[in-house]
């Protein structure tokens, strides 16, 4: 049986923001500004209006999601509790622990979701059915 996680362990983290008249910068350092060592980085963009991304959980992977541009919502579910978090600032990241079902929705036009992941891609780490997710953690 896998260890059950809680949506209450998924928190917004304020990221460093260095302000300058010429534009701001947010540096990200693996294991320092992230609660894990970064093994993979990817981003979602050109998401059509009304589309939902995610729709899965990870057995081991942790992630930090950042709205690099625009905005979107993240629905989190631990099998017992649900909450929705809105991301709309590039200096805030949503830390998602392993064992949490997530769906990304309500993407604004031009939104970019930057994802920092604690593991390399491994299909066996994904739980892609909500029914399977509930069985896995109950």
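Any idea what the relative contact order of the range 7-137 is, in percent, if you count C-alpha pairs under 8 Å spaced at least 6 apart?
The value is 35 percent.
With each label point set 7 Å from Cα along the Cα-Cβ vector, what nm distance links residue 56 and residue 30?
Each label point lies 7 Å from its Cα, and together they span 2.1 nm.
Return, ordered by residue number, the residues of the range 36-73 whose backbone nitrogen is under 20 Å from a label point located 7 Å along Cα→Cβ of residue 124.
Residues 39-40, 57-62 fall inside that zone.
So if R0 is 30 Å, what FRET efficiency would residue 9 and residue 109 give, r being the distance between their Cβ atoms, rounded to the nearest 0.05?
Here the calculated transfer efficiency is 0.40.
Given the rule -39500 (n - 2.57) for each run of at least 4 DSSP H residues, summed and divided by the residues of the chain, what is its mean residue ellipticity at 222 nm, to the nearest 500 deg cm²/dmol?
-1500 deg cm²/dmol
Calculated FRET efficiency, residue 37 and residue 17, Cβ-Cβ r, R0 25 Å, to nearest 0.05?
My answer for the efficiency is 0.65.
Express in whole angstrom the spacing between the alpha-carbon centres of the range 1-61 and the range 79-138.
The range 1-61 and the range 79-138 have Cα centres separated by 9 Å.
What is the Å³ per residue value for the convex hull set by the Cα atoms of the range 7-137?
105
Using Cβ contacts closer than 10 Å as the measure, can you line up 15, 116, 37, 94 from fewest to most?
37, 15, 94, 116
Taking the Cβ of each residue in 125, 46 as the centre, tally the other Cβ atoms inside 10 Å and list the residues starting with the fewest.
46, 125
Values quoted throughout were computed directly from the atomic coordinates according to the rules given, and no laboratory measurement underlies them. The structure presented is a predicted model; accordingly, all values stated were derived computationally and were not measured. Neighbour counts run over all protein chains shown; Cβ positions are idealised from the backbone, glycine included.
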